[in-house]
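S.K.: Structure incoming, see below.
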Amino acid sequence: QVQLVESGGGLVQPGGSLRLSCVASGRIFAINVMGWYRQAPGKQRELVAAITFDGNTNYADSVKGRFTISRDNAKNTVYLQMNSLKPQDTAVYYCNKVPAYSDYWGQGTQVTVSS
């Protein structure tokens, strides 16, 4: 049974930073591209960052230069460092493999950027 557990969200002012973590259980983590997705109210879920097993990364244009995805394969953990946060970054953030698999969605972690 694969389980993904996200944490690290919260309320932050514009321009602030947060670091999200996703701990994965099961063999999927070692062989798949992992990604961070987000879903804002009234919008579809979107992929914002992805990382391969050996560390190659890719970002959505909306977060490029502000967000950094990384992973620790020994800890089965993927991170998302978010800097220079904007109100439009407000969303529930999820991790999943890329492409996403519906059975792997976790609860997500809420990020709210507001003054």
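The values are calculated or read from the model by the stated rules, or taken from the named source; none is laboratory data. Everything numeric in this text was worked out from a predicted model, so none of it was measured. Note: ideal-geometry Cβ built from the backbone for every residue, glycine included; neighbour counts use all protein chains shown. Areas reflect the complete protein model, heavy atoms only, side chains present, ligands, DNA and RNA absent. Shrake-Rupley method; radii C 1.70, N 1.55, O 1.52, S 1.80 Å.
S.K.: S7 passes all but one of (1) in contact with a Cys (Cβ under 9 Å, 6 or more places away or on another chain); (2) closer than 15 Å to K97 by Cβ; which number fails?
M.R.: Failing condition for S7: (2).
S.K.: Okay, moving on. Only one residue in D61, D54 is acidic (D, E), modelled with pLDDT of 95 or more, more than 18 Å from E6 (Cβ to Cβ) and open to solvent by 40 Å² or more (accessible area, probe 1.4 Å). Which one?
M.R.: On inspection, the qualifying residue turns out to be D61.
S.K.: May I pose another question? Output the number of residues of the stretch 78-90 satisfying the condition of being among the polar types (S, T, N, Q) and within 15 Å of T57 (Cα to Cα).
M.R.: The number of residues fulfilling the criteria is 1.
S.K.: Right, another one. Only one residue in Q88, Q81 is closer than 19 Å to G15 by Cα, open to solvent by 30 Å² or more (accessible area, probe 1.4 Å), touching a Lys or Arg at 6+ places or on another chain (Cβ under 8 Å) and not basic (K, R). Which one?
M.R.: Testing whether each residue is closer than 19 Å to G15 by Cα, open to solvent by 30 Å² or more (accessible area, probe 1.4 Å), touching a Lys or Arg at 6+ places or on another chain (Cβ under 8 Å) and not basic (K, R) leaves just Q81.
S.K.: Could you tell me how many of the residues in the stretch 11-51 are under 15 Å from the mean Cα position of the chain (by Cα), within 19 Å of M82 (Cα to Cα) and either of a type in the set (G, A, S) or surrounded by fewer than 18 Cβ atoms within 10 Å (Cβ to Cβ) (or both)?
M.R.: 12
S.K.: Separate question: Counting only residues that are over 18 Å from S102 (Cβ atoms) and either touching a strand residue (DSSP E or B) at 6+ places or on another chain (Cβ under 7 Å) or modelled with pLDDT of 95 or more (or both), how many does the stretch 32-41 have?
M.R.: Number of matching residues: 1.
S.K.: So is R66 open to solvent by 40 Å² or more (accessible area, probe 1.4 Å) and closer than 20 Å to Q110 by Cβ or not?
M.R.: Spelling it out, it is not the case that R66 is open to solvent by 40 Å² or more (accessible area, probe 1.4 Å) and closer than 20 Å to Q110 by Cβ.
S.K.: I want to confirm something. Restricting to the stretch 53-89 and keeping residues that are under 15 Å from the mean Cα position of the chain (by Cα) and of a type in the set (A, V, I, L, M), which single residue is nearest to A24 (Cα to Cα)?
M.R.: The residue in question is V78.
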